[in-house]
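The values are calculated or read from the model by the stated rules, or taken from the named source; none is laboratory data. Treat the numbers as computed from the prediction; the structure is a model and nothing was measured. Here Cβ is always computed from backbone atoms with ideal geometry, including for glycine, and neighbour counts include all displayed protein chains. For accessibility, only protein heavy atoms count, side chains too; no ligands or nucleic acids. Shrake-Rupley method; radii C 1.70, N 1.55, O 1.52, S 1.80 Å.
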Amino acid sequence: MLGIRITLSPPTRKELARMLRHAEQSGELRTATRLMALLAVADGDGYAQSASLLQVSAESIRLWVKAFVL
């Protein structure tokens, strides 16, 4: 499955990283997983690769990226 490729501006990447740290510190596993997925896709990882690393489905990755982009 081909996925959407996303490019993050430095301020957006910084904000997502900040949000990830907060989610991890607060124990918000679902939010942290979604943020890690967005950062991984922005780093060039494919949906299947990201899904495997995060132990979620590639469809979940696709939906999270789609929600972020829209």
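Any residue in segment 49-70 that's surrounded by 12 or more Cβ atoms within 10 Å (Cβ to Cβ): show its pairings with residues that are charged (D, E, K, R) at Cβ separation under 8 Å, as long as the two are six or more apart or on different chains.
What qualifies is Leu53/Asp45; Trp64/Arg34.
Looking only at segment 18-27, count how many residues are touching a helix residue (DSSP H, G or I) at 6+ places or on another chain (Cβ under 8 Å) and either open to solvent by 100 Å² or more (accessible area, probe 1.4 Å) or over 17 Å from Asp43 (Cβ atoms) (or both).
2
Is at least one residue of segment 30-40 in a helix (DSSP H, G or I), out of contact with any Asp or Glu (no Cβ under 7 Å at 6 or more places or on another chain) and surrounded by fewer than 13 Cβ atoms within 10 Å (Cβ to Cβ)?
The answer is yes; a qualifying residue exists.
Collect the residues in segment 7-17 that are surrounded by 14 or more Cβ atoms within 10 Å (Cβ to Cβ) and more than 9 Å from Leu39 (Cα to Cα), keeping them in residue-number order.
Thr12, the sole residue that qualifies.
Looking at segment 41-70, which of its residues are of a type in the set (Ser, Thr, Tyr) and in a helix (DSSP H, G or I)?
Tyr47, Ser50, Ser52, Ser60
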